[in-house]
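*Asks:* One structure is given below, represented as structure tokens, and several questions about it will come after.
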Amino acid sequence: MSGAWQQQRERGSLGALRFMTWLARSLGYRSASLLLAPICLYFLAFAPRARAASRQFLGRVQGRPARLGEVYGHFHAFAGTLLDRIEVLRGRGGDFEVRVHGGEALNAALAPRRGCLLLGSHLGSFEVLRVLGEARSGLAVNLVMHEGNAPHASRWARALAPELAARIIAPGTPETLLRVRECLERGEPVAMLGDRVLGGERTVTCDFLGAAARFPSGPLLTAAMLGVPVVTFFCLRRGPRSYDVRFELLAERIEPDRAGREQAVARSACAFAARLEAHARAAPDNWFNFYDYWDAR
């Protein structure tokens, strides 16, 4: 799966994203929500790869072939999350209903003001972390994110919320580890997404929904080298502007010594895969990896 998501062309354009933002601003959230249905029908008809990926995933979760209506519902959940993301980037997070589960795990990890690594995925909306950050007296949440495969979306997000630029850290550069360390030393959490593999990076193969899938080892190697705890997070959409956010301690500390580090990282990666599977089974319409996830390339 390493190359599949990076090679997938970004659908739409900067103009289309701006148009959707204009609709939300001009018509309001509820009216804009009504337009999601025709948008989803368009993608259902003209996005065969995303449609096939949705069928594949839903089929694995449900143990039977997915119906077309279920694929439509999957697309609609994704579109609704995008509309919610616009609201968050516009600074309207106060209108959201966010229920936090396991907040004590995050509080304990941050208590010594050492920072922690938050490990998330493309299940739900990681953007909702911004809502929590604002609610916690301006808690800064930094995100290590690859933007190369979606330049239009990145430009759109930065235009909508220019302050994001200072909190986004590009992976795979000489400065990446330094910037992550600086954030952690300030007692800030650093979020990474652990469900997609960048081409050429080290991986761990784990069972996921009954078949082998590769997961990146980079986030966990970073936590091991910097000696910080790892807390998983899942921001699951339950309805319009309504989310359940779940924090769970994955590892208080990952073996820092070279001799045992590889095995410790592999164990933690597969533990993360197991948690991702459990939450994906509980909220399958929140799965937003629209490509062949089990492709070993």
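*Asks:* Looking at (1) part of a loop (DSSP other than H, G, I, E, B); (2) farther than 25 Å from Phe290 by Cβ; (3) modelled with pLDDT under 90, which is the one condition that is false for Pro171?
*Replies:* That leaves (2) as the condition not met.
*Asks:* Give Arg64, Arg51, Arg114, Arg55 a once-over and let me know the one that is in a loop (DSSP other than H, G, I, E, B) and free of Cβ contacts under 8 Å to residues at least 40 places away in the same chain.
*Replies:* Of the residues listed, the single one that is in a loop (DSSP other than H, G, I, E, B) and free of Cβ contacts under 8 Å to residues at least 40 places away in the same chain is Arg64.
*Asks:* Okay, moving on. Only one of these conditions is not met by Gly200: (1) free of Cβ contacts under 8 Å to residues at least 60 places away in the same chain; (2) under 20 Å from Tyr291 (Cα atoms); (3) open to solvent by 20 Å² or more (accessible area, probe 1.4 Å). Which number is it?
*Replies:* Looking at each condition in turn, Gly200 falls short on (1).
*Asks:* When you go through Arg237, Arg275, Arg196 one by one, which is the residue that is assigned to a loop (DSSP other than H, G, I, E, B), touching a Phe, Trp or Tyr at 6+ places or on another chain (Cβ under 9 Å) and not small (Gly, Ala, Ser)?
*Replies:* Within the list Arg237, Arg275, Arg196, the selection yields Arg196.
*Asks:* In the set Phe233, Phe215, Phe247, which member is among the aromatic types (Phe, Trp, Tyr) and more than 28 Å from Asp95 (Cβ to Cβ)?
*Replies:* Of Phe233, Phe215, Phe247, the one residue that is among the aromatic types (Phe, Trp, Tyr) and more than 28 Å from Asp95 (Cβ to Cβ) is Phe215.
*Asks:* Might you check whether a residue that is in a loop (DSSP other than H, G, I, E, B), over 17 Å from Ala77 (Cβ atoms) and open to solvent by less than 70 Å² (accessible area, probe 1.4 Å) occurs anywhere in region 256-264?
*Replies:* Taking every residue of region 256-264 in turn, at least one turns out to be in a loop (DSSP other than H, G, I, E, B), over 17 Å from Ala77 (Cβ atoms) and open to solvent by less than 70 Å² (accessible area, probe 1.4 Å).
*Asks:* Take the conditions open to solvent by 60 Å² or more (accessible area, probe 1.4 Å), of a type outside the set (Lys, Arg), without any contact (Cβ under 8 Å) to a residue 60 or more places away in the chain and assigned to a helix (DSSP H, G or I) and apply them to Leu178. Does it pass?
*Replies:* When the stated conditions are applied, Leu178 passes them.
*Asks:* Taking region 181-193 on its own, how many of its residues are open to solvent by 80 Å² or more (accessible area, probe 1.4 Å) and under 24 Å from Val88 (Cα atoms)?
*Replies:* Of the residues in region 181-193, 0 are open to solvent by 80 Å² or more (accessible area, probe 1.4 Å) and under 24 Å from Val88 (Cα atoms).
*Asks:* Output the qualifying pairs, or none if there are none: Cβ atoms under 8 angstrom, residues six or more apart or on different chains, first residue in region 222-245 and at positive phi, second residue of a type in the set (Phe, Trp, Tyr).
*Replies:* Arg241/Tyr29; Arg241/Phe96
*Asks:* Among (1) polar (S, T, N, Q); (2) open to solvent by 20 Å² or more (accessible area, probe 1.4 Å); (3) within 30 Å of Glu188 (Cβ to Cβ), where does Thr21 come up short?
*Replies:* (2)
The values are calculated or read from the model by the stated rules, or taken from the named source; none is laboratory data. All values reported here derive from a predicted model rather than from experimental measurement. FYI the Cβ positions are ideal-geometry reconstructions off the backbone, even for glycines, and counts take in every protein chain you see. The accessibility values were calculated without ligands, DNA or RNA, using every heavy atom of the protein model including side chains. Shrake-Rupley method; radii C 1.70, N 1.55, O 1.52, S 1.80 Å.
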